[in-house]
Amino acid sequence: MRPALFLAALAPLAGCASLQPTIITHQTRDWRQVVTRDDRERLREWRTAWTRALQAAERGGHSAEVAREGPLLQPDAALPDPALPNGRYRCRTIKIGAKSEGLLDYVAYPYFTCRVQQERDLQGFAKLTGSQRPVGLIFPQDQLRSVFLGSLVLGDEARAMQYGADRERDVAAYVERIGPGRWRLVMPYPRFESLVDVIELTPAP
């Protein structure tokens, strides 16, 4: 099966206000049959990416900010049962470790809106607001982690690209639970700006 197929028809994000139903053409719940070679390598190197990112943040004078986030930015904070309930979430992104000179080693963005909804026998995740919006599917892996594979929607774009169609837009992350009603997406070596992106998710009121 071609990796691009499983996101073949992600629909427009109606004004970025809600995730519309999607037509999913994948035939597997095994992310290993879908993931690209680049993303498999990024996920494999998650700990190296996180170690480098935290070291860069410390050198840049951001130790206090990292410590203040507690388990959110601790590599081994994952708890059993990573499943995300369907619904709307408050989410925020923290970028750690500058990918190139001149960029910041720690950036914490304000809260945005995200949504998790059922997509046949998998779940779909979408960040609905903001200038960089990952959209894709969550695949089961084990008792500590699920795997998110998707594509990055930028700016005022209304559609997500197919996963695997553009390596610069592909997104791969681990989904982990880190506390009661608290989850994170950990993206090692994202394409833009940082060494690790962490998206915190808490249920919206």
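Nothing in this text is a laboratory measurement; each read-out follows from the coordinates by a stated rule. Predicted model only: the values in this text are computed from it and were never measured. As a convention, Cβ positions derive from the backbone with ideal geometry for all residues, glycine included, and neighbour counts pool all protein chains shown.
Extension gain T202-L104, at 0.36 nm per residue separation less the Cα-Cα distance, in nm?
Contour length minus the Cα-Cα distance gives 32.7 nm.
If you wrap a convex hull around the C-alpha atoms of region 92-205 and split its volume per residue, what is the figure in Å³?
121
Can you work out the Karplus-derived ³J(HN,Hα) for every residue in region 96-105? Use 6.51 cos²θ - 1.76 cosθ + 1.60 with θ = phi - 60°, whole Hz, and x for glycine or proline.
10, x, 5, 6, 8, 4, x, 9, 7, 8
Angle, helix 46-59 long axis vs. longest principal axis of the chain, Cα atoms, 0 to 90°, nearest 10?
Taking Cα atoms only, the helix is inclined about 40 degrees.
Can you tell me how much longer the chain between T129 and R59 gets when fully stretched, taken as 0.36 nm per residue apart minus their C-alpha distance, in nm with one decimal?
Numbers: separation 70, 0.36 × 70 = 25.20 nm, distance 3.14 nm.
Full-extension gain reported as 22.1 nm.
If you put +1 on each Lys and Arg Cβ and -1 on each Asp and Glu Cβ, how big is the dipole of the chain around its Cα centre, in Debye rounded to 20?
260
Which one, P190, P82, P180, has the greatest fluctuation when you compute a Gaussian network model over the chain with C-alpha springs under 10 angstrom?
Evaluated over the chain, the most mobile residue of the options is P180.
I want to check the label-to-label distance for A158 and D76. Put each point 7 Å from Cα in the C-beta direction and report it in nm to one decimal.
If labels sit at A158 and D76, their model points lie 4.9 nm apart.
Across region 124-129, in residue order, what do the Karplus-derived ³J(HN,Hα) couplings come to in whole Hz, using 6.51 cos²θ - 1.76 cosθ + 1.60 with θ = phi - 60° and x for Gly and Pro?
With coefficients 6.51, -1.76 and 1.60, one gets x, 10, 8, 8, 8, 10 Hz.
Over the Cα atoms of the chain, how large are the radius of gyration and the largest Cα-Cα distance (Dmax), in Å?
When restricted to the Cα atoms of the chain, Rg and Dmax are 15.8, 47 Å.
Which of the listed residues, M161, L195, G70, is farthest toward the dipole's positive end in the chain, when Lys, Arg count +1 and Asp, Glu count -1 at the beta-carbon?
Working it through, the farthest residue towards the positive pole turns out to be M161.
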